[in-house]
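Peer 1: Below is the structure I would like to discuss, written out as structure tokens.
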Amino acid sequence: MDRNIRTVEDVLRLLDGLFTPDANRWTVDAGDWWDTFYTDRSRPVPFFVDKPDEHLVAALDRGLITPRRALDLGCGPGRNALHLAARGCAVDAVDLSPTAIAWARERAAAQGAEVRFLTGDAFALTTTELTGPYDLIHDSGCFHHLPPHRRVSYLSLIDRVLAPGGHLVLSCFATGAMGSELPDEAFYQDSHLHGGLAYTPEELRWIFSDLTEIELRRMREEPPDAPTFGHPFLWTAIFQHP
Ligand SMILES: C[S@@+](CC[C@H](N)C(=O)[O-])C[C@H]1O[C@@H](n2cnc3c(N)ncnc32)[C@H](O)[C@@H]1O
């Protein structure tokens, strides 16, 4: 059938398809791209370390968030999901890449941690898979790899599964430091996400304007021997669902 748009999801899928498979980091086959990304664990990828993000640990330590049920969105090999579990939180963690999830399961087994890992597109999982409500949605580095139109899916996921009073803890590329600063339409013109999208604080405040800002700051630089992960090319933000 040549006429294939009836719903908002049909439009979003059509836009996904504008990004060609080698345009990396978003296509309907983005899972394959990410899966290949995780096959060699010895690569010097900063977030391959098994350490939680410094701002997540700080938010927990300061009592800014006190989650009992959390969702780690785009969890990769699970470093933050495992930290949340170690702090007594019931955690669901989802990633597109089966290889990342297999690695995360290995880490969980080695640490005796219990996390409910799910493989798949977070925005396509059903309500039986992503049950919610969560009092924390945590995202370290997934949001900035989404094409602009998938912000619609991101916001509707928050709306669907984040409990009233719950928090979104996010880290993403900061303009002037990392990621592409092209305007949204350029990604569609180029069929390419250029390694991820950089955001300004104002853009983040605008996108998440239905939530209340609790904190927005650069991630602190953490030395290699620190117990936490920290690189200042990222914004870290805490927003609260009213
Ligand atoms: C930069 S990595 C960060 C991994 C992990 N959060 C960490 O910090 O160690 C981004 C992750 O988001 C995942 N991802 C991207 N889009 C996704 C989607 N729609 N659903 C689930 N996971 C997704 C990718 O597979 C990848 O593992």
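Peer 1: Quick one: what are the phi-derived ³J(HN,Hα) couplings along the stretch 131-145, Karplus 6.51/-1.76/1.60 with θ = phi - 60°, whole Hz, x for glycine and proline?
Peer 2: 6, x, x, 9, 9, 9, 10, 10, 9, 10, x, 8, 3, 6, 9
Peer 1: Still on this structure, please answer the following. Let a ≥ b ≥ c be the square roots of the eigenvalues of the Cα gyration tensor of the stretch 156-242; is it rounded (a/c under 1.5), or, if not, prolate (a/b larger than b/c) or oblate?
Peer 2: Because a/c hits 1.5 or more and a/b fails to exceed b/c, the stretch 156-242 counts as oblate.
Peer 1: Another question about this same structure. Could you size up the charge dipole of the stretch 45-183 around its Cα centre, putting +1 on the beta carbon of Lys and Arg and -1 on that of Asp and Glu, and report it in debye to the nearest 20?
Peer 2: 160 debye
Peer 1: Would you kindly state how much longer the chain becomes between Ala177 and Glu114 on full extension, computed as 0.36 nm times their sequence separation minus their alpha carbon distance, in nm to one decimal?
Peer 2: This chain segment gains 19.1 nm when fully extended.
Peer 1: By the scheme Lys and Arg +1, Asp and Glu -1, what is the net charge of all other residues having a beta-carbon under 15 Å from that of Thr39?
Peer 2: After counting each charged neighbour, the total is -3.
Peer 1: By the scheme Lys and Arg +1, Asp and Glu -1, what is the net charge of all other residues having a beta-carbon under 13 Å from that of Pro77?
Peer 2: Every neighbour counted, the sum reads 0.
Peer 1: With +1 assigned to the C-beta of every Lys and Arg and -1 to the C-beta of every Asp and Glu, and no other charges, what is the dipole magnitude of the stretch 106-174 about the Cα centre in debye, to the nearest 20?
Peer 2: I would put it at about 160 debye.
Peer 1: Tell me which of Ala93, Thr7, Thr36 sits at the most positive position along the dipole axis of the chain, charges placed on C-beta atoms (Lys, Arg +1; Asp, Glu -1).
Peer 2: It is Ala93.
Peer 1: What is the magnitude of the charge dipole of the chain about its Cα centre, with +1 placed on the Cβ of each Lys and Arg, -1 on the Cβ of each Asp and Glu, and no other charges, expressed in debye to the nearest 20?
Peer 2: Its charge dipole is roughly 560 debye.
Peer 1: Shifting gears a bit: Where the centre of each part is set by its Cα atoms, how far does the stretch 136-165 sit from the stretch 171-242, in angstrom?
Peer 2: With the stretch 136-165 and the stretch 171-242 each reduced to a Cα centre, they are spaced 13 Å.
Peer 1: Put +1 on the Cβ of every Lys and Arg and -1 on every Asp and Glu Cβ in the stretch 174-242; which of Gly179, Pro224, Trp235 then has its Cα farthest towards the positive end of the dipole?
Peer 2: Pro224
Peer 1: As a test, work out the antiparallel percent of DSSP beta bridges whose residues both lie in the stretch 31-145, rounded to the nearest 5.
Peer 2: Percentage antiparallel, nearest 5: 0.
Peer 1: Here is a follow-up. As an exercise, take the mean of 1/r over every pair of distinct alpha carbons in the chain, invert it, and state the Kirkwood radius in angstroms.
Peer 2: About 18.2 Å for the chain.
Laboratory data are not the source of any read-out in this text; all were calculated from the coordinates shown. All of these numbers come straight from a predicted model, not from anything done at the bench. Cβ: placed from backbone, ideal geometry, glycine included. Neighbour counts: every protein chain shown.
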